[in-house]
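Below is one structure; the comments refer to it alone.
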Amino acid sequence: MTTPLRLGIAGLGTVGVGVVRIVRTHAALLQARTGRDIQIAAVSARDQSRDRGINLNHYAWESDPVALAKRYDIDIYVELMGGADGPALDSVRAALESGKDVVTANKAMLAMHGFELAKLAEEKGRIIRFEAAVAGGIPVIKALNEGLAGNEITRVMGVMNGTCNYILTRMESAGLPYATVFQEASDLGYLEADPTLDVGGIDAGHKLALLSAIAFGTRPDFSGMELEGIERISIDDIRQAADMGYRIKLLGVAQRTGRGLEQRMQPCLVPMESPLGQLEGGTNMVVIEGDAVEQIVLRGPGAGQGPTASAVMGDVCDLARGFRMPTFGRPADMLDELPAAMSSLPAPYYLRMGLIDKPGALAKIAMILGNSGVSIDRMRQYSHSATSAPVLIVTHKTTRSALDEALAAMESTDVIASAPVALRIESV
């Protein structure tokens, strides 16, 4: 086709402005690569008067994104507002109903409503693309859907929130406590308006839910994910992990099992020499394992104007070329609805707790672990205050259910001064 491809962009924050810049700066390059002139026909944002550092006056302006989605003179609705519900969801539905393809960076919306939207897109003969929703500039969705199409994917894991990785690596390199680095990240503008989306693992969990759906042919199921943030990680945890040859990462892991779909986003210890262990700062990394390819590692910037806008334009270019496929890589009616499965594979665990300084306290904890079938590999007791002593335990491989049984029993004793922190030691 030689007719122009016309975009309607809703959301003119950092990423939206980045998309406008790419369309303007690389107009000839985009035309050469796709065979079509890619143009911006109209835009929408809450505040038209705001200075965004770029002239937008020659684009049609809609204050209502739903009105933008319904315009007759756009071919692709580019949704960059964010939010699981509200205007983002309403406008994407309107775009599909109006016969528009959709490109979005909205992981929350797709994690919560992806199956519904995928069905609607297919009913209307439309396409939803969302490379920018997961891991910024890393083309991980394209890799799963295309480059690894000949593989049965066995496991997907990765570090998918750059803010959390920044906090953890900054704590380690500077020897600073969590609260100090959290405030530093906030001052630098790294945190979401609701910081629990980042440090609580929710943002990364949304991304993992989307990768799981594509990798394992399932409906996105964010509600079935085991979710734990980094708020309880101390500088002592980071130092002690390093002493044992590990680093702590907020790690997402997903795999399809005979019991259902296992998805967990939680702090884990990973070997320091592994690719994940060497990951620094705000960089993201996704590791994909398949039966034919074995293991591949994708690494790159997980956020920011350039990387995310790059991913948006990658999707736009595919649509310009006429490349079309179902939202999650297969027709919506072929996506399995699997029960959520807790991890049953045994793994070693790192435990940290404070014990009241009294005779027999450590022996009581060891007995509780033994009664639950959890054996101790290593144990360290550190210098203590007048009333309590910090204790570090590394277990042999055990199941999470056995460990949870032991942790519950510990809480009911009279020797625990602070609630235990338990981190899985992941094999990567």
Show the residue pairs that are 6+ apart or on different chains and have beta-carbon atoms under 7 Å apart, the first residue being within the range 175-201 and modelled with pLDDT under 90, the second being in a helix (DSSP H, G or I) and small (G, A, S). L191/A185
Looking only at the range 226-247, which residues are under 20 Å from L345 (Cα atoms) and touching a helix residue (DSSP H, G or I) at 6+ places or on another chain (Cβ under 8 Å)? L227
For the structure I just gave you, tell me whether N161 is surrounded by 24 or more Cβ atoms within 10 Å (Cβ to Cβ), touching a Ser or Thr at 6+ places or on another chain (Cβ under 8 Å) and over 19 Å from L319 (Cβ atoms). no
(1) open to solvent by 20 Å² or more (accessible area, probe 1.4 Å); (2) assigned to a loop (DSSP other than H, G, I, E, B) all hold for G229 apart from (1)
Out of all the residues in the range 96-119, which are aliphatic (A, V, I, L, M), under 19 Å from F323 (Cα atoms) and free of Cβ contacts under 8 Å to residues at least 60 places away in the same chain? L96, V102
State whether the residues of the range 378-392 include one that is buried (at least 19 other Cβ atoms within 10 Å of the Cβ), at pLDDT 90 or above and of a type outside the set (A, V, I, L, M). no
If I filter the range 194-209 for residues that are surrounded by 23 or more Cβ atoms within 10 Å (Cβ to Cβ), at positive phi and within 14 Å of the chain's Cα centre (by Cα), do I get at least one hit? yes
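In the range 39-93, which residues are charged (D, E, K, R), out of contact with any strand residue (DSSP E or B) (no Cβ under 8 Å at 6 or more places or on another chain) and modelled with pLDDT of 95 or more?
Of the range 39-93, the ones charged (D, E, K, R) are 46-47, 50-52, 62, 64, 70-71, 73, 75, 79, 85, 90, 93.
Remaining after also requiring out of contact with any strand residue (DSSP E or B) (no Cβ under 8 Å at 6 or more places or on another chain): 46-47, 50-52, 70, 85, 90, 93.
If the condition is that a residue be charged (D, E, K, R), out of contact with any strand residue (DSSP E or B) (no Cβ under 8 Å at 6 or more places or on another chain) and modelled with pLDDT of 95 or more, then K70, D90, R93 are the ones that fit.
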Could you give me the residue pairs with C-beta distances under 6 Å whose first residue belongs to the range 320-332 and is closer than 13 Å to G114 by Cα and among the aliphatic types (A, V, I, L, M), whose second residue is at pLDDT 95 or above and open to solvent by less than 10 Å² (accessible area, probe 1.4 Å) wherever it lies, and which are 6+ apart or on separate chains? A332/A118
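Out of everything in the range 122-153 that is among the basic types (K, R) and under 22 Å from V19 (Cβ atoms), what residue ends up being surrounded by the fewest Cβ atoms within 10 Å (Cβ to Cβ)?
Our first condition is that a residue be among the basic types (K, R); within the range 122-153, this holds for 124, 126, 129, 142.
Add one more test, that the residue is under 22 Å from V19 (Cβ atoms), and what stays is 126, 129, 142.
Details: R126: 21, R129: 25, K142: 16.
Among them, the one singled out is K142.
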Name the pairs: first residue in the range 31-55 and in contact (Cβ under 8 Å) with a residue 24 or more places away in the chain, second residue of a type in the set (F, W, Y) and assigned to a strand (DSSP E or B), Cβ to Cβ under 9 Å, at least 6 apart or on different chains? A42/W61; V43/W61; S44/W61; A45/W61
Got at least one residue in the range 38-57 being within 19 Å of I127 (Cα to Cα) and part of a loop (DSSP other than H, G, I, E, B)? no
Mind checking which residues of the range 235-267 are surrounded by fewer than 17 Cβ atoms within 10 Å (Cβ to Cβ), of a type in the set (D, E, K, R) and within 20 Å of G281 (Cβ to Cβ)? R239
It is to be established whether one or more residues within the range 220-234 are among the small types (G, A, S) and at positive phi. no
Condition first: open to solvent by less than 80 Å² (accessible area, probe 1.4 Å), part of a helix (DSSP H, G or I) and of a type outside the set (V, I, T). Now tell me which residues in the range 1-27 satisfy that. G16, G18, A27
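Got a sec? Which of G290, G373, G300 is surrounded by fewer than 21 Cβ atoms within 10 Å (Cβ to Cβ), modelled with pLDDT of 95 or more, in contact with a strand residue (DSSP E or B) (Cβ under 8 Å, 6 or more places away or on another chain) and over 30 Å from T3 (Cα atoms)?
Result: G290 is the single residue among G290, G373, G300 that is surrounded by fewer than 21 Cβ atoms within 10 Å (Cβ to Cβ), modelled with pLDDT of 95 or more, in contact with a strand residue (DSSP E or B) (Cβ under 8 Å, 6 or more places away or on another chain) and over 30 Å from T3 (Cα atoms).
The values are calculated or read from the model by the stated rules, or taken from the named source; none is laboratory data. From a predicted model like this one, the values you see are computed outputs, not experimental measurements. Reconstructed Cβ throughout: ideal geometry from the backbone, glycine too, with neighbour counts over all protein chains shown. Side chains are part of the model used for accessible areas, which takes the heavy atoms of the whole protein and leaves out ligands, DNA and RNA. Shrake-Rupley method; radii C 1.70, N 1.55, O 1.52, S 1.80 Å.
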